[in-house]
Amino acid sequence: MSKVWQVWSAAIAVPERLTPSAWAEKYRVLPRGQSPRPGRWRNEVSPYLRWLMDVCVAPGVVALVVMKAAQIGVSEAMRNVLGYIAHVAPEPCGLALPTLPKGRRIVMNRIIPMLVHTEPLKALLTATSRDVQAEEILLLNGWRLHLMWSGSASAMASDPMRLAVCDEVDKFEQWVGREADPVSLVAKRLRAYGDRGLLIEVSTPTTALGKINQDYDSASVKLAYYVPCPACGKWQRLVWPQVKWEKPGGDLTSKQLAAHVTRTGAVWYECIHCQARIRDDQKTAMVRAGQWRAEGGGQVTDAWGQQHDSAETVTAWPPGTRIGVQLSALYCLWERWATMVGEFLRAQGDMAKLYDFFTETLGVPWEQVIQKIPKTAFAAKVVRATLDEGIVPAWAARLLATVDTQHDHFVIVLRAWGPEMRSQRVWHGKVQSFKELDELLFKHPWRIDRESEHVMSPSLVGIDTGGTRLEGESESRTSEVYRWAMLRRAVVRPIKGAMRGRAGLFIWPGRGFVDVGRPRKLGQRRDQVSDQLRIWWIDTHHFADEMADLIAAGKDDPSQERWLLNKRQDDEYEKQLSAVHKVPTRKGLKVTELWTPIHPGSKIDYWDAEVYQIALAYMAQIHSLPPQAEFEKQRKAQRAGPTKKKATYTEV
Ligand SMILES: [Zn+2]
């Protein structure tokens with residue numbers, strides 16, 4: 001047979017009706033050196049992947065979100081689906097990966113070898129389709145695979161596709177500005193195929209706020225892999241708390257315990273129904289008998305409204321079904337439970353390792369909250385408060401104001417500060433205009449408790465100039481703030497929050513100045529022009545940490561309370577102050593702890609303003625005030641002096 005004829009017959013041959021998993025078993029060979037388990041693809045090696053491949057061609061499904069442990073074969077299974085479509089129903093597909101280099105590596109080490117080592121696909125290959133530099137792979141039967149990476153909008157937005165796999169979406173780069181996120185751009189390209197288009201998202205999770213967990217959470221059907229107990233036969237999904245291990249007597253450290261467990265293998269899975277001890281060597285049979293079922297243990301509904309115990313008996317799903325699945329390494333047949341317990345025990349006390357264990361081994365988002373201030377803490381402070389709103393406590397040394405700038409209003413907190421970083425909220429609220437802002441900050445006489453002849457006004461004002469939170473706003477808002485701050489620069493500090501400190505500093509001046517007014521004269525240096533304004537950066541996380549400590553002080557002994565409220569109970573304020581928690585966040589190889597809104601997008605303007613208060617207190621040298629008794633003595637001497645001042649407040 002001539003080469004041309006071979007190619008021709010391969011291209012026109014009508015492939016038999018196979019499911020993707022059966023196709024994989026029949027044709028897929030994993031090349032040595034490119035797979036940890038080379039050789040023919042066998043579904044019994046990873047039984048949980050069989051249905052996961054087959055559901056990709058089930059009618060009605062428009063999205064499949066797979067939140068999974070690392071290295072359990074899911075990405076390979078999705079490549080099987082691509083190979084199946086290339087052979088059986090050659091409609092255009094897409095593969096999106098986090099970065100260009102990563103994309104090239106996958107194409108070179110996984111995609112091209114798959115095509116070369118799969119008989120019916122090999123026959124369809126041409127010299128150009130082996131080009132790993134190309135942005136698409138084209139086979140002789142017309143099948144096209146678009147290769148995309150998340151760092152480039154242009155690489156994501158063009159031709160229509162029938163099915164797209166977005167692999168490792170939690171590592172996708174998010175674009176700033178108006179651009180939609182990469183996954184939505186891929187989804188747009190599936191629209192031409194309507195209900196036949198399928199978006200597949202696969203990833204090891206990061207935090208609860210990561211893309212994969214958010215999309216898994218919003219799936220219309222959530223499924224888990226259920227297995228029957230070898231003792232009682234009852235169905236259950238495998239969960240980490242049911243994994244138990246022998247704890248020998250004596251005071252073993254977790255590392256010694258890890259060594260003991262790994263050596264003896266004394267680990268078992270306790271059936272959640274009958275408490276039977278299921279051993280590692282019973283796992284294979286149990287997992288092979290497993291089925292995908294509704295996550296909560298209920299039933300799933302098919303396109304005709306019929307109920308099914310197992311998702312695997314559903315042949316057609318209701319139109320527009322978005323399926324979310326979660327898969328941990330507890331099911332993995334080449335990973336022993338004892339190894340996982342060893343890993344878990346060795347990770348104790350090491351946050352980066354624990355993070356890896358939860359996300360990469362259990363395939364669940366890292367949700368360990370390090371710190372959170374409960375809403376009740378604020379309610380308790382209001383109950384203990386002794387002063388009404390608007391009254392400055394007699395012990396106060398200064399009044400400080402912080403302003404969070406929003407596009408059509410300002411959110412303000414006024415706080416009185418005294419020795420030992422003690423502070424009390426005097427006023428909080430919103431104003432609409434710069435004029436009202438001036439009235440409130442500079443004209444209003446803030447009365448001091450029990451000293452009717454004295455009033456106070458803010459000696460320092462920190463105003464947020466906008467930035468990330470004002471994304472999409474016109475530049476003019478920021479300029480307006482600068483102009484306002486410029487005319488009041490004796491007391492006003494424009495500030496910007498930063499994610500981390502710089503060179504060990506928590507507050508540092510911005511590089512250069514902001515031009516507010518006149519252009520420079522010839523030969524004049526920037527810093528010689530008086531119409532320029534210094535901006536101050538502050539390390540938001542550092543001051544958020546300090547605020548949490550100050551809020552917590554005196555929890556058990558109210559006389560030690562350092563961060564106080566007034567008598568005004570305001571649900572909105574309390575809600576915003578408790579809407580932020582501190583969670584570990586991974587960036588590259590580093591795990592850092594960051595204060596993040598508990599629900600993405602929730603309003604935290606008061607939280608911002610209160611964090612700025614702490615930074616401003618340092619700028620106002622509150623931390624270097626003498627102790628309260630000494631401070632009172634000094635103030636008394638000052639007031640008794642010949643230049644007794646009355647009702648001093650700054651006029652602008
Ligand atoms: Zn049982």
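Limited to region 331-371, what total is found for residues that are in a loop (DSSP other than H, G, I, E, B) and either at pLDDT 95 or above or not β-branched (Val, Ile, Thr) (or both)? Working first, answer last.
Step one: of region 331-371, the residues in a loop (DSSP other than H, G, I, E, B) are 332-336, 347-350, 362-365, 367-370.
Add one more test, that the residue is either at pLDDT 95 or above or not β-branched (Val, Ile, Thr) (or both), and what stays is 332-336, 347-350, 362-363, 365, 367-368.
Total meeting the criteria: 14.
Can you name every residue in region 326-360 that is more than 15 Å from Pro584 (Cβ to Cβ) and of a type in the set (Asp, Glu)?
Glu335, Glu343
Please determine, by comparing only the residues of region 351-386 that are among the basic types (Lys, Arg) and open to solvent by 50 Å² or more (accessible area, probe 1.4 Å), which one is farthest from Ser578 (Cα to Cα). Before you say what the answer is, go through the steps one by one.
Step one: of region 351-386, the residues among the basic types (Lys, Arg) are 353, 372, 375, 381, 384.
Next, from what is left, pick out any that are open to solvent by 50 Å² or more (accessible area, probe 1.4 Å): 353, 372, 375, 384.
Numbers: Lys353: 29, Lys372: 7, Lys375: 5, Arg384: 18 Å.
The extreme case among them is Lys353.
Could you please find all residues in region 237-259 being surrounded by 13 or more Cβ atoms within 10 Å (Cβ to Cβ), basic (Lys, Arg) and away from the ligand (no atom under 16 Å from the Cβ)?
Lys255
Looking only at region 215-236, which residues are open to solvent by less than 60 Å² (accessible area, probe 1.4 Å) and either within 16 Å of the ligand (Cβ to nearest atom) or more than 24 Å from the chain's Cα centre (by Cα) (or both)? Working first, answer last.
Let us first name the residues in region 215-236 that are open to solvent by less than 60 Å² (accessible area, probe 1.4 Å), namely 215-216, 219, 221-229, 232-233, 236.
Result: Tyr225, Tyr226, Val227, Pro228, Cys229, Cys232, Gly233, Gln236.
With the structure loaded, tell me whether Ala276 is over 23 Å from Lys68 (Cβ atoms), open to solvent by less than 50 Å² (accessible area, probe 1.4 Å), among the small types (Gly, Ala, Ser) and within 16 Å of the ligand (Cβ to nearest atom) or whether it fails that test.
yes
So which residues in region 193-208 are under 30 Å from Val580 (Cβ atoms) and of a type in the set (Lys, Arg)?
Of all residues in region 193-208, those under 30 Å from Val580 (Cβ atoms) come to 201, 203-208.
Those that are under 30 Å from Val580 (Cβ atoms) and of a type in the set (Lys, Arg): none in region 193-208.
Thr262 is checked against (1) more than 16 Å from the ligand (Cβ to nearest atom); (2) open to solvent by less than 50 Å² (accessible area, probe 1.4 Å) and fails just one. What number does that condition carry?
Exception for Thr262: condition (2).
Cβ-Cβ under 8 Å, sequence separation 6+ or interchain: first residue in region 101-116 and closer than 12 Å to Arg28 by Cβ, partner among the charged types (D, E, K, R) and not in a helix (DSSP H, G or I). Which pairs?
Taking only residues 6 or more apart or on different chains, the pairs are Met114/Arg28.
Do you know which of the residues in region 192-213 that are at pLDDT below 90 and surrounded by fewer than 16 Cβ atoms within 10 Å (Cβ to Cβ) is nearest to the ligand (Cβ to nearest atom)?
The residue in question is Asp195.
A quick yes/no check of all residues on (1) free of Cβ contacts under 8 Å to residues at least 60 places away in the same chain; (2) closer than 18 Å to Leu198 by Cα; (3) not small (Gly, Ala, Ser):
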site	(1), (2), (3)
Arg37	no, no, yes
Glu44	no, no, yes
Leu64	no, yes, yes
Ala70	no, no, no
Glu91	no, yes, yes
Gly94	no, yes, no
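Being away from the ligand (no atom under 16 Å from the Cβ), in contact with a helix residue (DSSP H, G or I) (Cβ under 6 Å, 6 or more places away or on another chain), open to solvent by 40 Å² or more (accessible area, probe 1.4 Å) and charged (D, E, K, R) is the requirement here; does Glu270 meet it?
no
The values are calculated or read from the model by the stated rules, or taken from the named source; none is laboratory data. The shown structure was predicted, so the numbers you read here are calculated from the model rather than taken from an experiment. Quick reminder, even Gly has a Cβ in these numbers, built from the backbone with ideal geometry, and neighbours come from all protein chains shown. In case anyone asks, the SASA skips ligands and DNA or RNA and just uses the protein heavy atoms, side chains included. Shrake-Rupley method; radii C 1.70, N 1.55, O 1.52, S 1.80 Å.
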